[in-house]
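Notes follow once the structure below has been shown.
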Amino acid sequence: MTYRIAMNFAILFLVTGLFLLFLFLLIRMKSIAGTYRVMAEDFAYAIETGRMSEEELAEKCASLCVISSENKEEVYRIGEEPGRLFWGKWMFCRPKGTLQVYIRHKAPLVFSGAECSVEFLFECTGEWNQLFREWRSFAFWYLGITVIAVFVCFVLIQTELLPIRTMAEQVNRLTLQNIHGRRLNEEGTENELKVLAAVINRMLDRMEETYESQKQFVSEASHELQTPITVLQGYSSMLRRWGSEDREVLAESVKAIEEEAKSMQELVEKLLFLSRHERKKLPFAKERFDMAEVVSELEKEFDYLSGHREMSCPVCESVSVYGDRQLIKQALRVFLDNAVKYTNDGDRICVYCRNRSGACEVVVEDSGIGMKKEELEHIFARFYRADTVRGKNIDGHGLGLSIARLIIDGHAGKITIRSQYTKGSSFMITIPRQRSK
Ligand code: ADP
C-alpha cells in the first residue's frame, strides 16, 4: 500500500510539473512576442518617417514587408519571404535551426503616399535558447524536489502505518483461547487509530463475552446432565446386583429410571430450544387468536395438575393477540408450572387475562414460597435456581424462564415480577397490540 500511495503521489507531482512547465513556456513565449510587438511599432513608425535606413532595418529584423492596404500588394520588402509558420506566429527555419517570430503591425501607416500595413519577422533564437535553459533548470529542480518529496512521503506513510501494522499483528495473534485480557493499546495511538483500536477492543469484549457465556452454557448443561446420568448408573448397577431376585428393587429402579429419562428428555428439549433460538431466529407462525381461549385451556390443564392447590381464573377478558399461539402458550405454561412447583398444598394460584386498551395482560399469581429481592435479579439467567429451592426436592433445571422470556421478547412483550419471600409471587406478561401482516 505504501508503494502504491508513493507512486500515485509521484505521478501526481510529475503531471503537475509538466503542466507547470507548459504554462511557464506559454507565458515566456507570450512575453517574447510582446517585446517584439513593441519593437515592431517603433520600426513601423521609423519606416513611415524614414528615420531608419534599410541596412539598419535589415540588421534588426529577419525580414519585413510593407503591403498596400488598397490592393494587398507588396510595396516594399527587406529580407526573404516568410516560410510556413509552425505554431501560431512562430516559425522554425531550417536548415539554419533558428526560430523567428512573425509580428503583423496592423495599424495603417503612410508609405510612398499610400496607406499600408507592415509584417515583420524577428529572429528570436537567442531568447529561445535562454528560455530552453531556464526550462531545463526548472525541470531539473522540479525532478529533484519530486524525488525528495516522494521519499519523504514514503517515510511518513511507513511511520503512520506502523501502529496499524502493529495492531494487525496483535489481532492476528489472538484466538478465542487467548483472548482473555488481551486488548489493543488505545493510549499509545492517536485520533482515528484510537477510535479504531477502541472499536476493535469493544468487538473483542463482545467476542469474549459470547465465548465465555457459551463455555458456561456447555459446562452448566453438562453439569445438569451429570446428575441424571449418575442416578441412572446407580440404579442400573443396583438392578444388575439384586434386580433379578428382589421385585421391590426392580420396581423402584424402573420407576426411577423412567423419571430420570423423562427429566433428561425435558432438559435436552429445553437446551435444544435455547441453542437453536438464542440468536433471535425464532420462527414465529403468527396468527390472530383470542388470548382468553388460551388462558382458559391452560387453567383447565393446570387445574388437573395442581393437585390440592386452589386454582382459579377470576378475570378472563377476551383480547385479540397477533402472535405464535403455540409458543405463547408454551411461555405461559412455564409461569403456571412454576406457580405449581413453588407452592404447597392449599396455596392459591390465580391467572388473569385482561384487555388493556387492546394490549394483552396475563397475570399468574401464587401464594407460594416467593423469592428474595436478590434472587429476582437472576431468575432469567440460564440454569439459575434460587438457593431456597435447590435444597428442596423440586424438579427443574433453571431454564424455563429463559425460554419464556425469549418467546415474550420475540412478541415485543414485557414481563413484570412482584414477589415477597414466603408470601408469593406475581408474574405479569404484557403483549402489545400488533397489527396483523
Ligand atoms: P426452574 O423452575 O426449572 O428451576 P425457571 O427458569 O422456571 O427454572 O425458574 C428459575 C428460578 O426462579 C426457579 O428455580 C425459582 O428459584 C425461581 N422462581 C420462578 N418462578 C417462581 C415462583 N412462582 N415462585 C418462587 N420462585 C420462582
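Numbers for the structure displayed
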{"read-out": "Subset of the stretch 276-295 [out of contact with any strand residue (DSSP E or B) (no Cβ under 6 Å at 6 or more places or on another chain) and of a type in the set (Gly, Ala, Ser)]", "value": "285"}
{"read-out": "Failed condition for residue 31, given (1) more than 60 Å from the chain's Cα centre (by Cα); (2) in a helix (DSSP H, G or I)", "value": "(1)"}
{"read-out": "Test: residue in the stretch 425-437 that is within 8 Å of the ligand (Cβ to nearest atom), aromatic (Phe, Trp, Tyr) and at pLDDT below 95", "value": "no"}
{"read-out": "Of all residues making up the stretch 220-246, the number that are out of contact with any Leu (no Cβ under 9 Å at 6 or more places or on another chain) and assigned to a helix (DSSP H, G or I)", "value": "17"}
{"read-out": "Verdict on residue 149 being touching a residue at least 24 places away in the same chain (Cβ under 8 Å), surrounded by 11 or more Cβ atoms within 10 Å (Cβ to Cβ) and part of a helix (DSSP H, G or I)", "value": "yes"}
{"read-out": "Test: residue in the stretch 336-358 that is more than 16 Å from the ligand (Cβ to nearest atom) and touching a helix residue (DSSP H, G or I) at 6+ places or on another chain (Cβ under 9 Å)", "value": "yes"}
{"read-out": "Filter result for residue 330 (surrounded by fewer than 16 Cβ atoms within 10 Å (Cβ to Cβ), within 16 Å of the ligand (Cβ to nearest atom) and either more than 19 Å from residue 422 (Cα to Cα) or modelled with pLDDT of 95 or more (or both))", "value": "yes"}
{"read-out": "Cβ pairs under 9 Å, 6+ apart, first in the stretch 404-426 and within 29 Å of residue 284 (Cα to Cα), second acidic (Asp, Glu) and in a helix (DSSP H, G or I)", "value": "415/409"}
{"read-out": "Scope the stretch 373-400; condition in a helix (DSSP H, G or I) and either more than 8 Å from the ligand (Cβ to nearest atom) or surrounded by fewer than 13 Cβ atoms within 10 Å (Cβ to Cβ) (or both); matching residues", "value": "373, 374, 376, 387, 390"}
{"read-out": "Long-range neighbours under 8 Å by Cβ, at least six apart or interchain, first residue loosely packed, with under 13 Cβ neighbours inside 10 Å within the stretch 40-67, second modelled with pLDDT of 85 or more and not aromatic (Phe, Trp, Tyr)", "value": "54/78"}
{"read-out": "Which listed residue is assigned to a helix (DSSP H, G or I) and touching a helix residue (DSSP H, G or I) at 6+ places or on another chain (Cβ under 7 Å), from 58, 10, 44", "value": "10"}
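Here is a yes/no grid of residues against (1) of a type in the set (D, E, K, R); (2) in a helix (DSSP H, G or I); (3) under 22 Å from the mean Cα position of the chain (by Cα); (4) at pLDDT below 85:
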residue	(1), (2), (3), (4)
164	no, yes, yes, yes
177	no, no, no, yes
181	no, no, no, yes
184	no, no, yes, yes
189	no, no, yes, yes
194	yes, yes, yes, yes
198	no, yes, yes, no
202	yes, yes, yes, no
206	yes, yes, yes, no
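The values are calculated or read from the model by the stated rules, or taken from the named source; none is laboratory data. Bear in mind that the values here come from a model prediction, so they are computed numbers and not experimental data. With ideal geometry, Cβ positions are generated from the backbone for all residues, glycine too; neighbour counts draw on all protein chains shown.
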